[in-house]
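Enquirer: The following block contains the structure, expressed as structure tokens.
The values are calculated or read from the model by the stated rules, or taken from the named source; none is laboratory data. It should be emphasised that the depicted structure is a prediction, and the values quoted were computed from it without experimental measurement. Glycine also receives a Cβ, built like all others from the backbone with ideal geometry; neighbour counts cover every protein chain displayed. For the accessible areas, the whole protein counts, side chains as well, though only heavy atoms, and no ligand, DNA or RNA atoms are used. Shrake-Rupley method; radii C 1.70, N 1.55, O 1.52, S 1.80 Å.
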Amino acid sequence: MAAHDAFITYAWAEGTGVASALQRAIRTIGTPWYGTGTLSVHRDTTDTEPSGSLRSDLFAELDASRYLILLASPKAARSRWVEREVGHWLSGAGTVPLHPGDAPAPIDRLILVLLDGEVHWGRDDFDWSRTDCLPRALSGRYAALPRYVDLRWAVGREDLSIHDPDFRSEVATIAAPIVNTPRRDLLRRDVRESGRARRTALSTIAVLALLLVVSLVAAGIAVVDGRSEARAHERAAADVRATAASAFLRDAVRLRTSDPGRALQTGLAARYLTPGPEASAALTEALRATPFAGAVSTGGPVDAAVLTPGALLTHGPGDALSTWRLDEFQRRARASAPGVRLAASERIAAVDTQLWDLTGTPRRVGTVPLTGVSALAFSRDGRALATGGEAGQVRLWDVSAPSAPAPRGVIGGGTDPVTAVAFGDDLLAYARSGTVRIWTVANGTPTAQLATIDGLPDVADLAFSPDGQRLAVATGTGVRLVDLTEPSAPGTPVAVRGAARPTVLGWSADGKRLAGGGANGGVTVWDTGTRAAVTAVSVQKGDVLDVAFDGATLLSVAADGSVVRWDPAPAAVPDGDAALTGEACRRAGGSLPRDVWESYAPGVEYHDTCAP
């Protein structure tokens, strides 16, 4: 049995495309253009579930592997095959010699790659009530949320290959520990080898062209003097630039919807290399086709996030609670805050049952005396906190003095958990068991139940309009709007148009727009008068964790740590080369990075297309 560097386990029925692309990319990343790859990566291609125990030949292949790559998805979590492979791996039965730098424990040589589903961390293990893509063999194996590579965006992509800069970046993350090379160095090596391959191809063409010229000269058909040779060199350089411009132009068109920022950057590069109407038209269309208005990143994945006026609060791996300024996008402060649920006002945050002061460095100042929560929400003035529980109760707390939260009442009860809770000015709504209940609230104290709204399954979020006259409900079958002009007699829930299934909601200040964010980076904006979708995009990787309007633009933060600004009604594309470049640079956040430029155009001198 030959030793393998890695073994890929996955649900065959849904992961074949990504698994095959990963196998090819891991084998070849950073290798010379003339080689076939230095890594041995085993991928089982059997499409049937085993009967009885796992086949001995698969055990042998697994035992002969240094690393296990788990392509996580709900189907993989339900697969007996994947469960047994992971369990066998964790038993430490492997016989293959490890390389210097390899971690001795099998759990530390298991690489998680997310293709579908959700990963959530509880207090000391995965939150298995919400994590649906991992086999139970991983229960109790980690002390904290492990890092994973999110490839949900890549599923279904027919053009997935190592030549895609985003895919190459993720492949480098996976391959780095296997080859014991820092990710950055591996990417640089791959870019260098890709450039060498392109230069070799161009050199081959040049040699063939030279041989042709020599043969023509020998035949007396043509005479080449010094001036024609110079022109030939100029033509060759122009051909190289044209080839690079063609690659830039291709992605300026291809990436308009999936990665609009990169589409703008490649459009700028194409126009620089080959100025003309075609490149200008591609850049203009990239600006016109997307509401994308810029993006920044927290630098890594997050598991919860809340947008507040001018600020962002994130909770990430290692229980890191961070506050960020949105104007310059700088991390203001960071602290360690164990928990799963997150809510925030402008000055206080709740992480599960802990209360944190956000006026400076996040500082734990109090604790709500509960054993756990399933939903959280602050009142609009930040002086009251509602906590939903697993037993169907909602408790209200006065947190005007967060070091000493005072109980203000308990409502509800039953066997099913509260899934969402929200405050209006003097109303409170909460969801449980497919029903939304409306209560009046005075000074943070519940006073009376006004109405019950049935037929709303799997409610993930609730949001009152700014004037309190409407309630938006994110259900498992789509968004519903409820007229609360008379709260004691609410209108029949009315569906908005479109197939979006958001899990977080946010209203514009004038109530004319409603935004929703959900799985796979999906963001939708509806006109609340017509209930028609005016914007629908899917750019960010992972689930959208929160959405909030900032004036006329919309912010969305996703599990990949990206924060994107959208303009649902973008201004007209400006006329003139300088104005067009300025608008594209503003939205893209700057020029194409040097390493990405070199991956497209090796041998072509880098140019900062957004430089003054």
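Enquirer: Give me the percent of accessible area attributable to carbon and sulfur for region 275-417, probe 1.4 angstrom. Don't skip to the end; give the middle numbers.
Expert: On the way: 2850 of 5910 Å².
Carbon with sulfur: 48 percent of the solvent-accessible area.
Enquirer: First measure r as the distance between the Cβ atoms of residue 285 and residue 242, then evaluate 1/(1 + (r/R0)^6) with R0 = 25 Å and state the FRET efficiency to the nearest 0.05.
Expert: Between residue 285 and residue 242 the formula returns 0.75.
Enquirer: If DNA, RNA and ligands are ignored and the probe is 1.4 Å, what is the ranking of 591, 258 by accessible area, most exposed first?
Expert: Reading off the accessible areas and sorting them downward yields 258, 591.
Enquirer: Can you pull the accessible area of residue 530 for me, 1.4 Å probe, Å² to the nearest 10?
Expert: For residue 530, solvent-accessible area is about 70 Å².
Enquirer: Taking a point 7 angstrom from the Cα of residue 391 along the C-beta vector, which residues in region 335-369 have backbone N less than 18 Å away?
Expert: 353, 368-369
Enquirer: Got a sec? Charge dipole of region 358-420, +1 on Cβ for Lys and Arg, -1 for Asp and Glu; which of 400, 379, 412 is way out at the positive end?
Expert: Value computed over the given set: 400.
Enquirer: Now, a different point. In degrees, nearest 10, range 0 to 90: what is the angle between the Cα axis of helix 80-90 and the longest Cα principal axis of the chain?
Expert: Compared with the principal axis, the helix lies near 80 degrees.
Enquirer: Between residue 325 and residue 60, how many nm apart are label points set 7 Å from Cα along the C-beta direction?
Expert: Each label point is offset 7 Å from its Cα along the Cβ direction, giving 6.3 nm.
Enquirer: For a Förster distance of 25 Å, can you work out the FRET efficiency between the beta-carbons of residue 401 and residue 553, rounded to the nearest 0.05?
Expert: E between residue 401 and residue 553, to the nearest 0.05, is 0.10.
Enquirer: Okay, moving on. Just check region 137-190 against the gyration tensor rule for me: Cα atoms, a ≥ b ≥ c as the square roots of the eigenvalues, rounded for a/c under 1.5, and otherwise prolate or oblate depending on whether a/b exceeds b/c.
Expert: The shape class here is oblate.
Enquirer: Then there's this: Of all alpha-carbon pairs in region 550-612, indicate the percentage at a distance above 19 angstrom.
Expert: I get 52 percent for the Cα pairs in region 550-612 exceeding 19 Å.
Enquirer: How much length would be gained if the chain were fully extended between residue 253 and residue 594, taking 0.36 nm per residue of separation minus their Cα-Cα distance, in nm to one decimal?
Expert: On the way: separation 341, 0.36 × 341 = 122.76 nm, distance 2.06 nm.
My answer for the length gained is 120.7 nm.
Enquirer: Right, here's the next one. Could you work out the relative contact order of region 301-400? I mean the mean sequence separation of Cα pairs under 8 Å and 6+ apart, divided by the number of residues, in percent.
Expert: In percent, rounded to a whole number, it is 16.
Enquirer: Right, something else. Pull up the DSSP beta bridges for the chain and report the antiparallel fraction as a percent, rounded to 5.
Expert: Around 85 percent of the beta bridges assigned by DSSP in the chain are antiparallel ones.
Enquirer: When all protein chains stay in place, what accessible area (Å², nearest 10, 1.4 Å probe) is found for residue 488?
Expert: 60
Enquirer: Expressed as a rounded percentage, what relative contact order does the chain have, with Cα pairs under 8 Å and six or more residues apart?
Expert: Answer for the chain is 10 percent.
Enquirer: Something else now. Under the rule of at least 5 residues apart or a separate chain, name every residue whose amide H is placed under 5 Å from the amide H of residue 149.
Expert: Amide H neighbours of residue 149: 112, 113, 114.
Enquirer: Quick one: which of 422-430, 375-383 comes out on top by average Cβ neighbours within 10 Å, and what's the full order, highest first?
Expert: Packing proxy ranking, top to bottom: 422-430, 375-383.
Enquirer: Taking a Cβ-Cβ separation under 4.7 Å as the criterion for a possible partner, which cysteines of the chain have none?
Expert: 133
Enquirer: How much accessible area does residue 73 have with a 1.4 Å probe, in Å² rounded to the nearest 10?
Expert: 0
Enquirer: Moving on. Given labels modelled 7 Å from the Cα in the Cβ direction, how far is it in nm from residue 336 to residue 452?
Expert: Once both label points are built, they end up 4.6 nm from each other.
Enquirer: Accessible area per residue of region 96-144 at 1.4 Å probe, in Å²?
Expert: 48
Enquirer: On full extension of the chain, what length is gained from residue 483 through residue 139, given 0.36 nm per residue of separation minus the C-alpha to C-alpha distance?
Expert: Extra length available between residue 483 and residue 139 comes to 119.4 nm.
Enquirer: How much accessible area per residue does region 249-301 have, counting only protein heavy atoms and a probe of 1.4 Å, in square angstrom? Could you put the intermediate results ahead of the total?
Expert: Values: 2020 Å² over 53 residues.
It amounts to 38 Å² per residue over region 249-301.
Enquirer: Given the DSSP H assignment, sum -39500 (n - 2.57) over each helix run of at least 4 residues in the chain and divide by its residue total; what's the result at 222 nm in deg cm²/dmol, nearest 500?
Expert: Taken over the chain, the calculation gives -9000 deg cm²/dmol.
Enquirer: In addition: Report, to the nearest whole %, how much of the accessible area of region 482-547 belongs to carbon and sulfur atoms, 1.4 Å probe, protein only.
Expert: 51
Enquirer: Would you mind checking which residues have amide H under 5 Å from residue 7's amide H? H placed 1.01 Å from N; only 5 or more apart, or other chain.
Expert: Distant-sequence amide H within range of residue 7: 42, 67, 68, 69.
Enquirer: With bins 20 Å wide starting at 0, give me the P(r) of the chain over every alpha carbon pair, in whole percents.
Expert: For the chain, the binned pair fractions read 17, 45, 30, 6, 1, 0 percent.
Enquirer: Just the Kirkwood number for region 230-366, please: inverse of mean 1/r across all distinct Cα pairs, in Å, one decimal.
Expert: It is 18.1 Å.
Enquirer: Among 276, 330, 294, whose Cα projects farthest towards the positive end of the dipole of region 269-409, with charges put on the beta-carbon of Lys, Arg (+1) and Asp, Glu (-1)?
Expert: Value: 330.
Enquirer: Taking only C-alpha pairs under 8 Å that are 6+ residues apart, what is the relative contact order of region 372-522 in percent?
Expert: Contact order relative to length: 14 percent.
Enquirer: Could I ask something else about it? So for 512, 541, 75, what's the accessible-area order with a 1.4 Å probe, most first? If you can, show how the numbers build up before the last one.
Expert: Details: 512 125, 541 40, 75 95 Å².
Final ranking, largest accessible area leading: 512, 75, 541.
Enquirer: Follow-up question, since we're still on this one. Largest first, how would 184, 408 line up by accessible area (1.4 Å probe)? Show your work: numbers first, answer last.
Expert: Values: 184 155, 408 85 Å².
Descending order: 184, 408.
Enquirer: Sticking with the crude label model, points 7 Å out along Cα→Cβ, report the distance from residue 235 to residue 469 in nm, one decimal please.
Expert: 7.2
Enquirer: Which value, in Å², gives the accessible area per residue of region 431-489 when a 1.4 Å probe is used on the protein heavy atoms? Intermediate results must be reported in sequence, preceding the final value.
Expert: Numbers: 2300 Å² over 59 residues.
Using a 1.4 Å probe on heavy atoms only, each residue of region 431-489 averages 39 Å².
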